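Colleague: Below: one structure in structure tokens.
The values are calculated or read from the model by the stated rules, or taken from the named source; none is laboratory data. Because the structure is a prediction, the values reported are computed rather than measured. Please note: Cβ atoms are built from the backbone with ideal geometry, for glycine as well, and neighbour counts cover all protein chains shown.
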Amino acid sequence: MPEKPLATIQRFQQQLEHFLHGADLDLSGFFQPDAIWHLPRSAAAWGGRDRIGREAILRMLHEEVPQYYQPGSTRFMYHQFTCEQDRVHMHFTLQAITANGKAYENEYQTLFRLQDGMIAEAWEYLDTAYLFGLLGDPA
């Protein structure tokens, strides 16, 4: 029997934090093969809006996210987790040093939908104007 959705997401976040600090972890087991990670429309200039499929999500985590933040600089501060049936909502603040050396602190809201104990969809919301303003032009 799969673990409860809240426990799955908390475990995923813990593993993601370790991964962002350099741990060699396989995060693929958290995602359905056809999972979708929805990003804000304003993220289109930085690689597109949605990541469709497990491999695309893993590429985002392995190749795109490291372009935003210096390795080992991320710190998550969780404010709230809410779980209802197969959905988990997470509100957190992310602090980091951007790839170009600027201090970063932004609030995030992420809603996960799980299926058979794995992430089937995620909707991520953040102030992209602030993030991309710090990072500069994606070209």
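Colleague: Collect the residues in segment 92-120 that are of a type in the set (D, E, K, R), part of a strand (DSSP E or B) and out of contact with any Leu (no Cβ under 8 Å at 6 or more places or on another chain), keeping them in residue-number order.
Modeller: From segment 92-120, those of a type in the set (D, E, K, R) are 102, 105, 107, 113, 116; that's our starting set.
In the following step, the residues that additionally are part of a strand (DSSP E or B) were identified as 105, 107, 113.
Hit for segment 92-120 is ARG113, nothing else.
Colleague: Here are LEU61, LEU94, LEU126, LEU111: which of them is over 23 Å from ASP24 (Cα atoms) and either out of contact with any Pro (no Cβ under 9 Å at 6 or more places or on another chain) or among the acidic types (Asp, Glu) (or both)? Explain how you work it out, then say what you get.
Modeller: Numbers: LEU61 fails: over 23 Å from ASP24 (Cα atoms); LEU94 fails: over 23 Å from ASP24 (Cα atoms); LEU126 fails: either out of contact with any Pro (no Cβ under 9 Å at 6 or more places or on another chain) or among the acidic types (Asp, Glu) (or both).
It is LEU111.
Colleague: Any idea which of ASP26, ASP34 is part of a loop (DSSP other than H, G, I, E, B) and within 21 Å of GLY117 (Cα to Cα)?
Modeller: Working: ASP34 fails: part of a loop (DSSP other than H, G, I, E, B).
From the options ASP26, ASP34, the qualifying one is ASP26.
Colleague: Restricting attention to segment 99-112, does a residue exist that is in contact (Cβ under 8 Å) with a residue 40 or more places away in the chain and not acidic (Asp, Glu)?
Modeller: First pass over segment 99-112, keeping only residues in contact (Cβ under 8 Å) with a residue 40 or more places away in the chain: 112.
So of that shortlist, the ones also not acidic (Asp, Glu) come out as 112.
Checked segment 99-112: at least one residue is in contact (Cβ under 8 Å) with a residue 40 or more places away in the chain and not acidic (Asp, Glu).
Colleague: Which one is nearest to LEU20 (Cα to Cα) among residues in segment 97-116 that are at pLDDT 95 or above and crowded, with 17+ Cβ neighbours inside 10 Å?
Modeller: It comes out as THR110.
Colleague: Here is a follow-up. Tally the residues that are touching a residue at least 60 places away in the same chain (Cβ under 8 Å) and assigned to a strand (DSSP E or B), restricting the search to segment 67-91.
Modeller: 7
Colleague: For PHE132, indicate whether it is touching a residue at least 60 places away in the same chain (Cβ under 8 Å), in contact with a Phe, Trp or Tyr (Cβ under 7 Å, 6 or more places away or on another chain) and either hydroxyl-bearing (Ser, Thr, Tyr) or surrounded by 16 or more Cβ atoms within 10 Å (Cβ to Cβ) (or both).
Modeller: Numbers: touching a residue at least 60 places away in the same chain (Cβ under 8 Å): yes; in contact with a Phe, Trp or Tyr (Cβ under 7 Å, 6 or more places away or on another chain): yes; either hydroxyl-bearing (Ser, Thr, Tyr) or surrounded by 16 or more Cβ atoms within 10 Å (Cβ to Cβ) (or both): yes.
The answer is yes for PHE132.
Colleague: Name the single residue, out of those in segment 59-84 being out of contact with any strand residue (DSSP E or B) (no Cβ under 7 Å at 6 or more places or on another chain) and modelled with pLDDT of 95 or more, that is surrounded by the fewest Cβ atoms within 10 Å (Cβ to Cβ).
Modeller: Initial filter on segment 59-84 (out of contact with any strand residue (DSSP E or B) (no Cβ under 7 Å at 6 or more places or on another chain)): 59, 61-67, 71-72, 83-84.
Narrowing further to those that are modelled with pLDDT of 95 or more: 83-84.
Numbers: CYS83: 18, GLU84: 9.
Restricting to residues being out of contact with any strand residue (DSSP E or B) (no Cβ under 7 Å at 6 or more places or on another chain) and modelled with pLDDT of 95 or more, the top hit is GLU84.
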